[in-house]
Number of protein chains: 2
Amino acid sequence: MESRCENCIIRQFNSLRAMSKEELKHVSDSKITKTIKKGEALFEEGDKLNGVYCVRNGISKLSKLSANGKDQIVKLATKGEVLGQRSVIAEESTNLSAIAVQDMEVCFIPKESITNTLQKNPNFTLEVLRHMAHDLKEADDVIVNISQKTVKQRIAEAFLYLKNNFGEDEQGFLALTLSREDISNVVGTATESAIRIISEFKKKGLIHTSGKKIGIKDERKLMEMVDGF
Amino acid sequence: MESRCENCIIRQFNSLRAMSKEELKHVSDSKITKTIKKGEALFEEGDKLNGVYCVRNGISKLSKLSANGKDQIVKLATKGEVLGQRSVIAEESTNLSAIAVQDMEVCFIPKESITNTLQKNPNFTLEVLRHMAHDLKEADDVIVNISQKTVKQRIAEAFLYLKNNFGEDEQGFLALTLSREDISNVVGTATESAIRIISEFKKKGLIHTSGKKIGIKDERKLMEMVDGF
DNA sequence: GGGATTCTATGACAATTGTCAGGTTTGAAA
DNA sequence: TTTCAAACCTGACAATTGTCATAGAATCCC
């Protein structure tokens, strides 16, 4: 495992690549590498964050608790993504919880390294800004999807999303296995509804399952379903 | 009407306040003031924007067309807000349409002034970043609300939002009058459903109406309803 | 002022989704 | 291996929401 940020490939995928050598050195000297087990939290809604987390490996769900006690998963973050940025930048406690859905390896970077660089290196700030602009656009898309598509369409879309973003294993199952509850929290529905629709998809031959694992059998039909056919 | 940005009070409410005198002068020299009538578009989904719009007066809805032909209103922007930033920063065509729901007065600022300043003035970039961080948080909240609350709750919440953000007129009606269709597009439901619930609220004495205008009568009950009582 | 058009309203019904109440399976720990 | 809790699944039913049809009210424009 590479322990110096300067040599870390992950960096290429996020805004840290816009840092100067000295800035990176400073980050590298102050960072702490952590291992997070599946089910453990990086941070929880309402926490005051003293830094950001750079994901080296594994996947985290970012979720928010609603008034009725259900979690809504807003985003799934993987290798290369930086978590907690929004909170550090706005100097507010975080509005989301980050919980590992797979074992993770992350680097914690104290906020001083970040805020200092934000004030001095416009390239870095601009890079962060671009990432946030992208996140905002995605959030807009989620809003439209959730409000205008049926649960069935959203679940179909979620499966395609999982395939495109996290890939499949050797046997053709989605590489990221989520519990039925997590799936329902991604699409914003009751767990029973999600399960029912998964069963229906299975009967129709759109997917196949083995335990929690789900594999896509008929991608085209799923895509048609998302578009309303 | 003040025509020099340097003297414009609106600026205090947005990221332009972080610009230097010279930068502001440049913006001021290149900006174009426009009047937009209610119902007209500032820009439409898919447009490539050559600059941003600083709202001096009036209100715009930011919406996105869904596959089934319905608009989803993602945000209502008013005095002081800068529209089109996301698109200019990410150098992509815009993902939202901006349509005036009231007559508007806006300043169009060519993107060169913005991108130049973004590259040179970290304070400005940071300020823009802070605003976008705030927008992102709000978007997260919208996602949770839409997916976890009933239509009734969302409509109650929308009325409270309209009161808190745009105020009331002398007779106690919400200062921003939206059509029933716009209301349904804010909360993400069918127009008929929105109308039905508005009627119900009226019968229960939570609101009163006069034509399209809506006034809040029992704010506490509305708040309770939002929280699920 | 009259006619056309758009917006608002309501009823009837169907489809979707949530809730509750059981079962069964799975998987991890003792 | 057994055991137990958690996760998954299904049925029955109720509540919510969407759709279609229609009619009245408001508004715009000539």
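The values are calculated or read from the model by the stated rules, or taken from the named source; none is laboratory data. These figures come from a predicted structure and were not determined experimentally. A quick note on method: Cβ atoms are made from the backbone with ideal geometry, for glycine too, and the neighbour counts reach across all protein chains shown. All accessible areas refer to the heavy atoms of the entire protein, side chains included, with ligands and DNA or RNA removed. Shrake-Rupley method; radii C 1.70, N 1.55, O 1.52, S 1.80 Å.
Taking the longest Cα principal axis of chain A as reference, the axis of helix A:191-203 is set at about 60 degrees. Largest GNM mean-square fluctuation among B:206, B:76, B:136, using chain B with Cα springs under 10 Å: B:136.
Under a point-charge model restricted to the Cβ atoms of Lys and Arg (+1) and Asp and Glu (-1), what is the dipole moment magnitude of the range B:149-226 relative to its Cα centre, in debye to the nearest 20? Let's see the in-between values first.
Working: 14 positive and 11 negative charges, 63 e Å.
So the magnitude is around 300 debye.
Chains A and B: what accessible area do they bury, summed, in square angstrom to the nearest 100, with a 1.4 Å probe? Intermediate values should be presented prior to the final figure.
On the way: alone 12520 and 12540 Å², together 21170 Å².
For chain A against chain B, roughly 3900 Å² becomes buried.
Per the Debye formula on identical point scatterers at the alpha carbon atoms of the range A:4-89, with no solvent, log10 I(q)/I(0) at q = 0.22 Å⁻¹ is -1.21. Other residues within the sphere of radius under 11 Å centred on the Cβ of residue A:36, judged by their own Cβ, net out at +1 (K and R +1, D and E -1). In the range B:75-198, Rg over Rh equals 1.02, where Rg is the alpha-carbon radius of gyration and Rh the Kirkwood radius from pairwise Cα distances.
Divide, for the range B:149-226, the radius of gyration over alpha carbons by 2.2 N^0.38 Å, where N is the residue count.
Working: Rg = 11.1 Å, N = 78, 2.2 N^0.38 = 11.5 Å.
For the range B:149-226, the normalised Cα radius of gyration is 0.96.
Taking every residue in B:66-76 and counting other chain Cβ atoms within 10 Å of its Cβ, the average works out to 4.
Label positions at residue B:171 and residue A:103, each projected 7 Å from the Cα along the C-beta direction, are separated by 6.9 nm. Shielding of peptide B:83-95 by partners, expressed as the average count of other chain Cβ atoms within 10 Å per residue Cβ, is 3.
Taken over the C-alpha atoms, chain B has Rg and Dmax values of 18.9, 58 angstrom.
Let me know the shape class of the protein assembly as shown, please: from the alpha-carbon gyration tensor, a ≥ b ≥ c as square roots of the eigenvalues, rounded when a/c is under 1.5, otherwise prolate if a/b is greater than b/c, or oblate.
Values: a/c = 1.81, a/b = 1.08, b/c = 1.68.
Verdict is oblate for the protein assembly as shown.
Of all the options A:180, A:17, A:196, the one that moves most in a Gaussian network model of chain A with Cα springs shorter than 10 angstrom is A:196.
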